[in-house]
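The values are calculated or read from the model by the stated rules, or taken from the named source; none is laboratory data. What you see is a predicted model; the values in this text were computed from it and never measured. Note: ideal-geometry Cβ built from the backbone for every residue, glycine included; neighbour counts use all protein chains shown. These area figures cover heavy atoms from the full protein model, side chains too; ligands, DNA and RNA do not enter into them. Shrake-Rupley method; radii C 1.70, N 1.55, O 1.52, S 1.80 Å.
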Amino acid sequence: MAAVSESPGAVRPTSPASTVALSNRILAIEVVRTELRRWCILYAELRWLSAIIIDTLDDRLPLKIADVRNGSAGTDGDRLSSSSNYRTAAFLDSNIHGIVVEPDSKSTDNSSASSVEGFLRVCVFGDHSMRLFRLRSSDSTTTDALDQNALVRLNSIVPTSTERLAEDAIMAVKFLSDRHIGALLAHNTFLVYDDVELRLLSKVRCMDSSILYSALLIGSHTGDLVAVGGTVCNYLCFWSPAAAANGVAPAFHKLSGHSGVIFSIDYHHPRRLLCSSSDDRSCRVYHCLFVEDSTASASPSVVQWLGVTFTLQYALYGHEARVWRGRILSQFIVTVGEDTQCCVWSKQGKLIDHWASHTGINTWSVSVVESEQSLLVFTGGADGGLSVREVEVGLTSPSQAILSSSVPPVGKPVRLVVVDEARLIVLAEGGLLFLVEHSDIPSWTLLWEDAALKQTIALRYNPTSQAVAVVTCVGKIALLTTTSNITPNWSFDLAVNCMEGLWADSGTLIVSGPSGFIHIVTTENGLLTLAGSVPLSGKNLWITAAARNPGALLFCGDRSGSLRVLSKRVIWKDIYVGMHVHGNHEVSQITLPEGSSDDSSHPVVTSGRSGAVIFWRYHLNDQDHLILERLRVIEPDNNSVEWVSGFHILHGHGNPNNFDQLIICGFRSTNFAAVHAGSGETVMEVDCGGGHRSFSCALFESSRTLQFAFVKTTGVHWLSRCIGSIGQSRFQLKEPLHGLQIWSVAASSSRTGSLVMAVGSEDTVVKIIRVGMERARLPVSPSVVAECKGHLSSVRSVRLSSKFKNCVYSAGGRTQLVCWACADDIWSENVVMTAEWSPYPVVRKQWSDKSLIDPDTRIMDLSTPVSFENFEILVAGSSDGTIRIFALGSPNEITLVGEIAPYPWCVLQVRLLLVGDQVLVLTAGTKGLIAVFNLTMPLRGTLSKLEDFGETEVFKFDPAGQSSLSVLAHQSGVDALDFVLFDGHLYIATGGDDCSICVFVMEVVSGEPLPILMSKFKMENAHSAQISGIKFLRGTHHLLSASKDQLIKMWEVDYDQKEIKPPGSSSLSISVGDVSCIALVERPATDRAPGDGLSTTTATMTTAEDDSAASTYLAIVGAGFQLLDISSWLAKIQRESPVVLHHGTATSPDLA
């Protein structure tokens, strides 16, 4: 190899702002075992290298990991004792694409790694950069004797070299046994570095200089190293640096077969297998036959590679998009790809398991730990999540579902009900009632034969009283006790038409039918008594679900999706009716969970065929006044369950809001499916013919067994599944945020010391996240408080309410505007949709009115809500050019009160201003214009009618015929807009597609409907890409701009000279690509009055840097999320450029 002079390393300044929180794509994962019974999970989140250290009480990786999220400690019996999370910035600008751990010098398997002299040596690389770190993994002091501070010192990630820059992109790195490190570059160039300071020692290039998309280095020493490159020309290139002459080596193999570029290569020497994954959605697996091969585990020599013969074993097709990574194990192959699927393949190339490992698109990285019983698969995705799933391998597990069937001796089965884990009650044609014991050989015992049984419409089992109720369509009722051999008889006759009979509790039976009455029948000592009848408000209605609490409340759901509550003081009567809470579909189940810690509020859980499970909380006073609050709605994926038939809460009690303990049952087409709500794991699925057939499902807590029985053709079938490990095979070590583009963020600060933010994404979900503001030395991951699901298309804008507590607005595709509210005093998971507005039906039929708005129209931006005339006012700008004005008197109703006639271009930005008693709307769009409208008169009149009469006509504002002002700002679209009102002047700043910044100064004159333009000036080419965020800094001459060039810039505005110029230290590199939006938020100083109120402000220049001073944070969203503490940066700029424009405080209601 040719020796070269040492190239200088990268010497770069530290960032003037610190990253507080981060959520972005995870590009690399590596899992290694350390000393002291520890496992280390290393992962790369852009330029950040992070490690999760898990302490165990044995030498195995814990196959059950309980609640290890964001580095919090979790427990799992005696196997997992604690975990810790550490993070450091590896590079300044480059992203980490690979993590390589030095192999154990004592191990013959180069894939294994452990600590060397008490340290793990790690090399990270990405783009043109590489760097060495060490993770201290052992100490003479035992872990039991360590306090938390000592544990941090014990496991810190320490850089041992500077960041080194290579001449080309680095594709693969390997620790070599001769104390060197090898690196393969994107144009098939091999570099050798020393393993201490990364000094460049030599360089060799391959004659085939094709561009590489992936690479692999095989061998342990420079002399026997083989380089394999996945080229852009769809073939694998094999060559060895040891065969070089004058610094150039020939390629000795070119392996073709793929029809797309190759993204990853892996080699497993014990199996002699080589795999490559590609753009063609396949993973090709080759067997390598070496000349003079032996069974030794040592890597083959270069000579053996020269004579190798490749045989295609199989091509694996299981992904719907590009395959990013493939890993060969001793028994299996694991692949991940752009479709977020993680696939596990057998030795024979058969797909044995697959699952969606992340949300959105792209599972970027995978690492697998293999044991005899299971695989532990770690994956990192574009959603910023780090997940782990245990895959059981080997023989059939007892937790898998077992299907059995049997045929009655006489007649065809008609109805059935599950009694216990081994018995069913089955009604057959001809009025025959059987007890079926489904053991190895099912037995049928005739319990009762009666012609009246032919009219049975309900067969219900009560597990508390162990009684089966038989209800006929003419009102006859019989009770069977499964513990008695007494022949049953018809013990009660309502003499009414019946359609349903249900147990509400152990002693209350609810019977109803098309007669429009609820009949309440009580049972005591086997005697049935009619306790009361309550009329239903409607025809052809009957009860489909019921539950009674220990007091005198009866909850009933009917076939129209309504929920009603009955109370008994003297007689039964309605005290609450919630119409169509489950849409227009029947309520399928009502449960009153036990274990509420608050005596004044009680939980209720309901499900409906609409496809939702709803958590409620009710309060009842002495006057029978009931308040029912909707806490949360859970909707399973339509790919699993289309309509919900019921649910089961594991353990039967505890926290009723813990949906991690919820199993949702329902149907998709002709399949019955049970899904674990927390993990999304399918517990059970079987083709039963559909939900119109008789079926019964029961959960038995004692054995944690789920039983499902159904009638199909002429037989009875039952399915049993042990659910002991359900929900425990998959965990989130790091919570995901969004897997697709994040379009908007709204931030607020709490005086309790945390930041609360709402983020809306292309994935149609709004998430409420919280970031603790403790003075953490490392960036943390945001904690997801709640997920708001209900949008039909992408969410383009989110805004926090200024009038209603814990309320957020979101808008986006299909012109949909939604209000979300939290039922608790502080933000929690109990967030529900309280109001929705859309100009067309949710389900658009082909025969619908063609005059309706185009469903492709979307709301592009919302103004920050403003309180006016006892209402909260929102303004929405749409892609069809229409500007709509909404009013809310409460979070439960959104009213469209006005429209501004549509422009012939898209409205991108909209702001609402209160100037004295005047209401102004500021807009900008794709034409490059900004426009100001005065809506005071029409808005005030409309709101007056709305307040007096509860409804009003929508006013139409024509900008051509009324007061408006338009000014050209940019050549094309205006993507960023902000304003400040101060001392009778309106200051407006815009950023556009033309990469320029424009500032307007307008004078607000009393008595004039519109401000008067005083001056306008512009900064051309402020960024190298379009500007997507801009903010004024309060009380100063400074602007903050964000661009898709991944730079934040500070600008000094000179209003006298009409110039925009950069001050010193004016640029800041950020980690978020394709920036969509920014938000400034200030955490109040700690000496302010305590409270739980939220406040959102523009940034204030301050020189104080102690904990008692206010801190300024910048939230950046786009292809990821980043929260920066820019307080010190702002203070530095203020010292360098101490120019102050105003005395006092400038205000802007639009701050998020």
Self-check item: Rg [Å, one decimal], Dmax [Å, integer] - the stretch 234-352, C-alpha atoms
Solution: 15.1, 50
Quiz item: By accessible area of protein heavy atoms, probe 1.4 Å, what ranking do F238, F982, F695 get, highest first?
Solution: F695, F982, F238
Quiz item: Which entries of K1049/K1132; K1058/K1132; K956/K1016; K1061/K1132; K767/K1049; K1031/K1058 show an alpha-carbon separation above 20 angstrom in the structure shown?
Solution: K1058/K1132; K956/K1016; K767/K1049
Exercise. Name the shape class, rounded, prolate or oblate, that the alpha-carbon gyration tensor gives for the stretch 504-617, where a ≥ b ≥ c are the square roots of its eigenvalues, rounded holds for a/c under 1.5, and otherwise prolate holds if a/b is larger than b/c and oblate otherwise.
Key: oblate
Quiz item: V417: net charge of surrounding residues, Cβ under 13 Å, Lys/Arg +1, Asp/Glu -1, itself excluded?
Solution: +2
Self-check item: Low-density loop cleavage sites - GluC sites (Glu not before Pro) in the stretch 1016-1059, where at most 15 other Cβ are within 10 Å (DSSP)
Solution: E1020
Quiz item: So how far, in whole Å, is the C-alpha centre of the stretch 1022-1058 from the one of the stretch 407-460?
Solution: 77
Quiz prompt | Listed residues A547, S640, P535: farthest to the positive end of the dipole of the stretch 487-646 (Cβ charges) | solution = P535
Quiz item: Using only Cα atoms, what is the ratio of the radius of gyration of the stretch 163-299 to 2.2 N^0.38 Å?
Solution: 1.03
Quiz prompt | Space enclosed by the convex hull of the alpha-carbon atoms of the stretch 307-394, per residue, Å³ | solution = 105
Exercise. For a quick protection proxy, order the peptides 633-639, 259-265 by their average other-Cβ count within 10 Å, most packed first.
Key: 259-265, 633-639
Practice problem: Select from the stretch 877-971 those GluC sites (Glu not before Pro) which occupy a DSSP coil region and have at most 14 other Cβ atoms within 10 Å, ordered by residue number. | Solution: E951, E953
Quiz prompt | 5 angstrom amide H check on E681, placed H, neighbours 5+ away | solution = H676
Self-check item: Length added when fully stretched, Q971-S944, from 0.36 nm per residue minus Cα-Cα
Solution: 5.6 nm
Quiz prompt | For the stretch 496-570 versus the stretch 335-378, the gap between their alpha-carbon centres in whole angstrom | solution = 49
Quiz item: Computed on alpha carbon atoms, what radius of gyration and Dmax characterise the stretch 874-939, expressed in Å?
Solution: 12.1, 36
Quiz item: Which shape class, rounded, prolate or oblate, goes with the stretch 965-1031 when its Cα gyration tensor gives a ≥ b ≥ c as root eigenvalues, a/c under 1.5 marks rounded, and past that a/b bigger than b/c marks prolate?
Solution: prolate
Practice problem: Order the following by accessible area, largest value first: D574, D861. Probe radius 1.4 Å; ligands, DNA and RNA are ignored. | Solution: D574, D861
Quiz item: With every protein chain present, what accessible area does M937 have (1.4 Å probe, heavy atoms only), rounded to the nearest 10 Å²?
Solution: 150
Quiz item: In what sequence, largest accessible area first, do C233, C665 appear using a 1.4 Å probe?
Solution: C233, C665
Practice problem: Scan around G513 for amide H atoms under 5 Å from its own, H built in the peptide plane at 1.01 Å from N, and keep only partners 5 or more places away or cross-chain. | Solution: M499, I543
Exercise. Let me know the charge dipole size of the stretch 246-310 about its Cα centre in debye, to the nearest 20, where only the beta-carbon of Lys, Arg (+1) and Asp, Glu (-1) is charged.
Key: 80
Practice problem: Can you bin the stretch 567-636 into rounded, prolate or oblate? Criterion: square roots of the alpha carbon gyration tensor eigenvalues sorted a ≥ b ≥ c, rounded for a/c under 1.5, prolate for a/b above b/c, oblate for the rest. | Solution: oblate
Quiz prompt | Cα centroid separation - the stretch 902-927 against the stretch 790-822, whole Å | solution = 19
Quiz prompt | Residue among V418, L433, L453 farthest towards the positive dipole end of the stretch 382-477, charges placed on Cβ | solution = L453
Quiz item: So, in nm, how far is label C722 from label S439 when the simple model puts each one 7 Å beyond its Cα toward the Cβ?
Solution: 2.0
Quiz prompt | Ranked packing of 779-792, 753-766, most packed first, by mean Cβ within 10 Å | solution = 753-766, 779-792
Quiz item: Roughly how many Å² of Y193 are accessible to a 1.4 Å probe, to the nearest 10?
Solution: 10
